[in-house]
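*Asks:* Quick one: the structure is below, and I'll ask about it shortly.
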Amino acid sequence: MAETASILDQTDPEAREHVNRVVAASGTSFLAGMKVLPPQRRAAMYAIYAFCREIDDIADEPAPEADKRRRLDAWRAEIDRLYDGRPEGPTARALLAPVRSFALAKEDFLALIEGMEIDAADTLRLSTLNDLEYYCDRVACAVGRLSVRVFGAPGAAGVAVAFALGQALQLTNILRDLSEDATRGRLYLPEELLERHGIDAREPAAVLADAALPHLCEELAGLARRRFHEAEAAIARGPRQALRPAIIMMHVYRRILDRLEERGWTRLDQPVALGRVEKLWIALRYGLL
């Protein structure tokens, strides 16, 4: 397993250096979890993260929707080449050894691209809670399914962790980024929830200004809490040592959710984040178990 990744390191330093730069420039919260991995598993996660970062940047950039879809389709073609053993770009080349070493599923990469197509829309609206869960699966649980294989937990417990933790993390992201997403025409709060809480507005800014919004956010935060509990239970059934990166991320995002609830749901433009020292403390506490 490590041998394949080592061959990549020796024969394609450009690919390795490229994904390292992407990760270093990102400032991602996921970095704390990745750093506890052995070198070859960490290199695989860096390549997966670089892929996620690059397709996410396509969805987020201020370009025509048709152009974004064209570039995401180009990534589909690149994934096809990757699984044929002939990737072209540096990120896909960096993924070649991890795909072979950890049996990463092609459908999970394609699910992530599909999720970015949802985000690439000029206006984003969801109808039901099932639609929200599906979106979270595409953009977060799919990353989890790739990740648990790299961590060394490809069995049923790992899949359960990927689902529950992916849902919890993405719901937390949605609650954290309500204001920022609204400026982009994105509203991840499904119409089913808006109707349940008596919110008639459908435009993001008007929804966020509605007096009933805090109650809706409390319900969604409660769902995120339940998913965190499910993830914790799944971790307890799996190989805990292998799942240390997932444990770290669970505690980082639980704290973010704590801070969001402490701040409340009427000051959505007040940012919530964890500092570098706090992330390091969490990584040390839960990464050395």
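The values are calculated or read from the model by the stated rules, or taken from the named source; none is laboratory data. These numbers come from a predicted model, not from an experiment. So basically every Cβ, Gly included, is an ideal-geometry build from the backbone, and we count neighbours across all protein chains shown.
*Asks:* Which of the residues belonging to segment 185-198 are surrounded by 16 or more Cβ atoms within 10 Å (Cβ to Cβ) and in contact with a strand residue (DSSP E or B) (Cβ under 9 Å, 6 or more places away or on another chain)?
*Replies:* ARG186, LEU187, TYR188
*Asks:* If you don't mind, another one. Would you point out which residue out of ALA205, ALA182, ALA162 is within 25 Å of GLU65 (Cα to Cα) and either part of a loop (DSSP other than H, G, I, E, B) or without any contact (Cβ under 8 Å) to a residue 24 or more places away in the chain (or both)?
*Replies:* Among ALA205, ALA182, ALA162, only ALA205 is within 25 Å of GLU65 (Cα to Cα) and either part of a loop (DSSP other than H, G, I, E, B) or without any contact (Cβ under 8 Å) to a residue 24 or more places away in the chain (or both).
*Asks:* Further question: Looking at (1) at negative phi; (2) at pLDDT below 95, which one does ASP200 not meet, given that it meets all the others?
*Replies:* (2)
*Asks:* Which ones in segment 121-152 are in contact with a helix residue (DSSP H, G or I) (Cβ under 7 Å, 6 or more places away or on another chain) and of a type in the set (A, V, I, L, M)?
*Replies:* Hits for segment 121-152 are ALA121, LEU124, LEU126, LEU129, VAL139, ALA140, ALA142, VAL143, LEU146, VAL148, VAL150.
*Asks:* On to the next question. Kindly indicate whether ARG240 is at pLDDT below 95, of a type outside the set (Phe, Trp, Tyr), closer than 26 Å to PRO38 by Cα and surrounded by fewer than 16 Cβ atoms within 10 Å (Cβ to Cβ).
*Replies:* yes
*Asks:* Of the residues in segment 1-30, how many are under 15 Å from ASP57 (Cβ atoms) and at pLDDT 65 or above?
*Replies:* 8
*Asks:* Is it the case, given these coordinates, that GLY222 is surrounded by fewer than 17 Cβ atoms within 10 Å (Cβ to Cβ), closer than 30 Å to PRO38 by Cβ and either at pLDDT 95 or above or in the same structural domain as GLY238 (by TED's automatic domain parsing) (or both)?
*Replies:* no
*Asks:* Something else now. Across segment 257-273, which residue is surrounded by the most Cβ atoms within 10 Å (Cβ to Cβ) among those that are within 20 Å of the chain's Cα centre (by Cα) and modelled with pLDDT under 95?
*Replies:* VAL272
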